[in-house]
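Enquirer: Submitted below is the structure of interest, expressed as structure tokens.
Every number here is computed from the coordinates shown, using simple stated rules; none is lab data. Note that this is a predicted model, so its numbers are computed, not measured. All Cβ positions, even for glycine, are placed from backbone atoms using ideal geometry, and neighbour counts span all protein chains on display.
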Number of protein chains: 4
Amino acid sequence: MEKRARVLIDCEDAKGLVYQISKVFYDRGLNIDNNREFVDKEYKRFFMRTVVSGHFDVEELHDELASVVPADARIRVIEPSDKKIILLATKESHALGDILVRHADGELDATIECVIANHNTLETLVKRFDIPFFYISAEGLSREEHESKVMACIDQFKFDYMVLAKYMRILTPAFVEAYEKKIVNIHHSFLPAFIGANPYKQAYERGVKIIGATAHFVTNDLDEGPIIAQDVIPVNHRFEWKDMQKAGRDVEKIVLSRALALVLHDRVFVNGNKTVIF
Amino acid sequence: MEKRARVLIDCEDAKGLVYQISKVFYDRGLNIDNNREFVDKEYKRFFMRTVVSGHFDVEELHDELASVVPADARIRVIEPSDKKIILLATKESHALGDILVRHADGELDATIECVIANHNTLETLVKRFDIPFFYISAEGLSREEHESKVMACIDQFKFDYMVLAKYMRILTPAFVEAYEKKIVNIHHSFLPAFIGANPYKQAYERGVKIIGATAHFVTNDLDEGPIIAQDVIPVNHRFEWKDMQKAGRDVEKIVLSRALALVLHDRVFVNGNKTVIF
Amino acid sequence: MEKRARVLIDCEDAKGLVYQISKVFYDRGLNIDNNREFVDKEYKRFFMRTVVSGHFDVEELHDELASVVPADARIRVIEPSDKKIILLATKESHALGDILVRHADGELDATIECVIANHNTLETLVKRFDIPFFYISAEGLSREEHESKVMACIDQFKFDYMVLAKYMRILTPAFVEAYEKKIVNIHHSFLPAFIGANPYKQAYERGVKIIGATAHFVTNDLDEGPIIAQDVIPVNHRFEWKDMQKAGRDVEKIVLSRALALVLHDRVFVNGNKTVIF
Amino acid sequence: MEKRARVLIDCEDAKGLVYQISKVFYDRGLNIDNNREFVDKEYKRFFMRTVVSGHFDVEELHDELASVVPADARIRVIEPSDKKIILLATKESHALGDILVRHADGELDATIECVIANHNTLETLVKRFDIPFFYISAEGLSREEHESKVMACIDQFKFDYMVLAKYMRILTPAFVEAYEKKIVNIHHSFLPAFIGANPYKQAYERGVKIIGATAHFVTNDLDEGPIIAQDVIPVNHRFEWKDMQKAGRDVEKIVLSRALALVLHDRVFVNGNKTVIF
């Protein structure tokens, strides 16, 4: 039976890679439905995402590709199917609600395994959608104690990505390392402007004419991980910081959902502290 | 001596095209510096733009590529060099001035052969830049008579593209056909909204909250040619139509210059009445 | 007890209006918390929206204002409070879901009285939020028959605005007149481009590089009512029309929610076939 | 003879200001052609810009207004006329060229008194427009020595604003203080992101998906002065930093010209380290 796969390859750049890889597809009689490449000239690194269809065995295809590309190559042959995600949130409903509505609509191409929150504010909303909700208060706990409870909860589930839908807590290095390149966060500013707490208040005080939001992978450098998507809206002197916050929520949720779609469709390569997005 | 070329191929889609084409490059030992492809699934049409470097003869490379792609293929092997352009204008200086400044700066990657205008308003500006200026008044002439004078002027020059930098006259089919796919126009609305005369007045009367500009190839359907670039800016009830016109000029000139750069860098394929842009 | 009101005045322009109106506020010892005016010079029409606080009787203030402005003036003194809205939808969940989440969050400054749909697709979603849902199929009914059923349902409720959250049916003049200036619609294009059915398909076929959405009051001219808000996003040749539709949904829902907030906060004046928005 | 003036008032907020000020206009029989107010609630500061027309003496009007507003008020009654500006630049032509073309077109509402540059690269361009050009090299000079030469040149001219059209030198506090609130700069990032040198390289290294430009008044805190205008454009992984720089030039020049128009039309109030723009 014919099937389809997303083939993602990244490796050090070398002459003839497009030829060698497309030869593998050609020799096996596979169709290329979509193909994009990019060479990062600074790091001399090659990226390729090809959607192929035809008759193939995933492992065989993987191994054959491995035989024609440099040894350092990371090769993924992915048959499209719903991925699994876990959501972390705090009190705000806009980013979470946007994802829940898409999920309910079948538009997300992912299954939400659960929502974990450090407040119980969002419980009603999440339960409306029949999604498991875990309230793990941080009150009276050290950061490490709270995280170990969260991790115990998380580790009940298998998941591809963890989405911080306005999860207003700083993560420890241990937590971040445990889920490397799997955590997608939305930050409520156009990074690197206004790193840290209350970016809308910072923006208001600086008197900027544009505010924005940034979706990024989480690394151990606060608000410094690889950026996936950003967008902005205009503001003016009539906006107090609460108005900026309110207007900003629309950007936050759209940017997060856009980044999530890119990630779930296997369109994002991490390239050092940057991303390549096809 | 090593050289570089942009290879542009468009043809009916077929299995193995990427493989066949990249094999040609590989067998000749050429480097691929940049490569982008696209398949229009509706029209089953394949587009590829590859920047290659190495040792090759342009005609030989062309012929070898021709031997591996479908017979209907249009293949161009272009060694980057300044292209030649002709500018047509009427009275407004913003779009023309933007191109003149870029040209003077060496940023345009093209040589301006001349400016032709149906008014003499812009003569002083053009002469400041030591560019030949031809004033061909349309007064008392039929459209055909005026155009035949303009064409006589144009035909003294060799050029790759003719740029209508706010040339406020409708062209006859004969004129358009004489320079097919070579005429780039800037229209002062986000087409297809506000086709025809005075789009800002139309926009004002409709009460839109966004105005824009569209750069497109000229065809015989007024304001209906393949779109190359578009952009918009917000407006509000405080804008009278003259304010929209004034604000719109910035969008017009940037969109035209952006489209011109795309065209001059051989990044634009015409695909029916649409464009593919790499 | 001190209270607050939004005072909205529109009338033919006359000398001294700002003075006369601000004198009323001053003489009564009211604070002006916010004030915006606009004069439409073409129509010689004056618009003013002032937020005042202090001690006043709504009717007295109204009458006193009426005594100092031209006889044609429309004066509204509105004490802020939740307005009531009714939603009409068809099958798509994005615009409706966005409003439901805001409502559940208490962010909407309005109460949703009910959702009426001509398909039952959205029933589950609406019921998740404990909002009354009425499924009124149009199958086998003339437009008039269906509308009379819808109107019978609507007329059970008191409401300030009716929101068409992707209600994919054309309304009759009788329906529109029954709820004049009360119906807010979201159209899935940057009007006036792509009026009518399937604007994304039209946009795809035209090959535009930007798509958008328009929220407007409904009048009897299809897609021609006063525009409240518009926004756009870039697209390119890789977008098939279904991709445009998918990407466009985010713009649609944000533009509709933005327009709804403007309307609910009494920031929108209808000025002929245009709007003045403070 | 009837004339027109822009009246700008900023003062501590107080009850009845709109009434008191509009009463002055009313009692003198002046028309209000345009009026905008704003109250900064944090700083309790009132801003008003009114365009009036009729018969009046500028000084008398000023004094009468002064008699009805708080003692700290700054009142300006400005009869519109071309302002005078001085341009400082280094080597890049885009921002300077944009202003020169607008000036030549009569669109600027200002007279360019001269251009001063620390390199002679731009001499040809400036002379094309018959504007005095002063080349004051900084080579071998301390910052103070160079600035004293520049100031000697500047001080030959009367001017309203000094525009740094990509003047790539840091100014000393003495220089900035000498021309307080008169210096408008364009910074090539969306401040406060990427303060300091080579923001495009910083943006490239951070992997942002949006770049921008910021026009601001210059103060002694580098890149920290009150922001007048900002705008952004999308970028992606295909952009090397030189590509960002090239694309960014269009934003820089448009943002600078937009800010300059606001300033020249007396639409900008400085409010602490922020601006109020009408």
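Enquirer: Can you compute the equivalent ellipsoid semi-axes for the stretch C:185-278, i.e. the square root of 5 times each eigenvalue of the Cα gyration tensor, sorted largest first and rounded to whole Å?
Expert: So the three semi-axes of the stretch C:185-278 are 25, 14, 9 Å.
Enquirer: First obtain the Kirkwood hydrodynamic radius of the stretch B:3-78 from its Cα pairs, then insert it into the Stokes-Einstein equation at 25 °C and 0.890 mPa s, and state the resulting D in µm² per second as a whole number.
Expert: 199
Enquirer: Here's something else I'd like to know. How long are the semi-axes of the equivalent ellipsoid of the stretch D:1-150, defined as square roots of 5 times the Cα gyration tensor eigenvalues? Whole Å, largest first.
Expert: Output for the stretch D:1-150: semi-axes of 42, 20, 13 Å.
Enquirer: Where the centroid of each part is defined by its Cα atoms, how far is the stretch D:138-203 from the stretch D:43-78 in Å?
Expert: 32
Enquirer: Please express the Cα-Cα pair-distance distribution P(r) of chain A as a list of whole percents, one per 5 Å bin, running from 0 to the bin with the greatest distance.
Expert: 1, 5, 12, 14, 16, 15, 13, 10, 7, 5, 2, 1, 0
Enquirer: What pairs in A:Lys3/C:Lys209; A:Lys201/C:Lys83; B:Lys127/B:Lys182; D:Lys209/D:Lys246; B:Lys158/C:Lys209 have C-alpha atoms more than 22 Å from each other? Walk me through the intermediate numbers first.
Expert: Details: A:Lys3/C:Lys209 32 Å; A:Lys201/C:Lys83 30 Å; B:Lys127/B:Lys182 25 Å; D:Lys209/D:Lys246 15 Å; B:Lys158/C:Lys209 31 Å.
Distance filter (> 22 Å) returns A:Lys3/C:Lys209; A:Lys201/C:Lys83; B:Lys127/B:Lys182; B:Lys158/C:Lys209.
Enquirer: Also: With contacts defined as alpha carbon pairs under 8 Å and 6 or more residues apart, what's the relative contact order of the stretch D:83-277 in percent?
Expert: Here the relative contact order equals 19 percent.
Enquirer: Cα convex hull of the stretch D:88-227: how many Å³ per residue?
Expert: In the stretch D:88-227, the Cα hull volume divided by residue count equals 121 Å³.
Enquirer: Separate question: Between copies, how close do the C:Glu144 label points come, placed 7 Å along Cα→Cβ, listed in nm from shortest?
Expert: Label-point distances to the other copies, shortest first: 5.5, 7.9, 9.2 nm.
Enquirer: Under the Kirkwood approximation for Rh and a Cα-based Rg, what ratio Rg/Rh is obtained for the stretch B:126-186?
Expert: 0.94
Enquirer: While we're here: Treating the point 7 Å from Cα along Cα-beta-carbon as the label, what are the nm separations from D:Lys181 to the other copies, to one decimal?
Expert: For D:Lys181, the inter-copy label distances come out at 4.2, 5.5, 5.9 nm.
Enquirer: Okay, moving on. Using the count of nearby Cβ atoms within 10 Å as a rough guide to exposure, how do B:Lys253, A:Lys181, D:Lys41, D:Lys23 rank from fewest to most?
Expert: D:Lys41, A:Lys181, D:Lys23, B:Lys253
Enquirer: Now for a separate question. Given N residues in the stretch A:187-229, what is Rg(Cα) / (2.2 N^0.38 Å)?
Expert: The value comes to 1.12.
Enquirer: Tell me the label-point distance for the pair C:Thr121, C:Asn273, using the 7 Å Cα-to-Cβ offset, in nm and rounded to one decimal.
Expert: 3.1
Enquirer: Could I ask something else about it? Cα to Cα, under 16 Å, and not fewer than 8 places away if on the same chain: which lysines meet these conditions relative to D:Lys15?
Expert: Those lysines meeting the cut-off are C:Lys23, D:Lys23, D:Lys41, D:Lys44.
Enquirer: Could you give the radius of gyration (one decimal) and Dmax (whole number) of the Cα atoms in the protein assembly as shown, in Å?
Expert: 30.9, 90
Enquirer: Another one. Rounded if a/c is under 1.5, else prolate if a/b beats b/c, else oblate: with a ≥ b ≥ c from the C-alpha gyration tensor eigenvalues square-rooted, which is the stretch D:94-166?
Expert: Details: a/c = 2.34, a/b = 1.61, b/c = 1.45.
Verdict is prolate for the stretch D:94-166.
Enquirer: Taking the Cβ of each residue in B:Leu108, D:Leu222, A:Leu17 as the centre, tally the other Cβ atoms inside 10 Å and list the residues starting with the fewest. Write out the running numbers ahead of the final one.
Expert: Values: B:Leu108 20, D:Leu222 12, A:Leu17 23.
Ordered from fewest to most neighbouring Cβ atoms within 10 Å, B:Leu108, D:Leu222, A:Leu17 come out as D:Leu222, B:Leu108, A:Leu17.
Enquirer: Nearest beta-carbon of D to the rotation axis carrying it onto B: which residue, how many whole Å?
Expert: D:Arg128, 2
Enquirer: From Cα pairs below 8 angstrom and at least 6 apart in sequence, can you work out the relative contact order of the stretch B:69-158, rounded to a whole percent?
Expert: After rounding, I find 25 percent.
Enquirer: Another question, then. Would you compute, from DSSP H runs of 4+ residues alone, the mean residue ellipticity of chain B at 222 nm, taking -39500 (n - 2.57) per run and dividing by the full residue count, rounded to the nearest 500?
Expert: The helix contribution divided over chain B gives -9500 deg cm²/dmol.
Enquirer: What gaps in nm, shortest first, separate C:Asn236 from its twins in the other copies when you place the label 7 Å past Cα toward the beta carbon?
Expert: 0.3, 3.3, 3.3
Enquirer: Hey, rough spin-label estimate for C:His62 and A:Met151, points 7 angstrom out along Cα→Cβ, what's it come to in nanometres?
Expert: 6.5
Enquirer: Lys and Arg at +1, Asp and Glu at -1: add these up for the other residues within a Cβ distance under 13 Å of C:Tyr135 and post the number.
Expert: Neighbour charge sum, excluding C:Tyr135 itself: +1.
Enquirer: Rank these for me by crowding, C:Glu92, B:Glu12, D:Glu2, going from fewest to most other beta carbons within 10 Å. Let's see the in-between values first.
Expert: Values: C:Glu92 22, B:Glu12 14, D:Glu2 9.
So the residues, fewest neighbours to most, are D:Glu2, B:Glu12, C:Glu92.
Enquirer: Can you tell me, using C-alpha contacts under 8 Å and at least 6 residues apart, the relative contact order of the stretch C:3-78 as a whole percent? Walk me through the numbers before you get to the answer.
Expert: On the way: 134 pairs, mean separation 36.7, N = 76.
Once divided by the residue count of the stretch C:3-78, the mean separation gives 48 percent.
Enquirer: A follow-up question, please. Take the Cα radius of gyration of the stretch B:39-116 and divide it by 2.2 N^0.38 Å, with N its residue count; two decimals is plenty. Intermediate results must be reported in sequence, preceding the final value.
Expert: Working: Rg = 18.4 Å, N = 78, 2.2 N^0.38 = 11.5 Å.
In units of the 2.2 N^0.38 Å rule of thumb, it is 1.60.
Enquirer: Quick one: if you stick a label point 7 Å off each Cα along the C-beta vector at D:Ala197 and A:Asp82, how many nm between them?
Expert: 5.5
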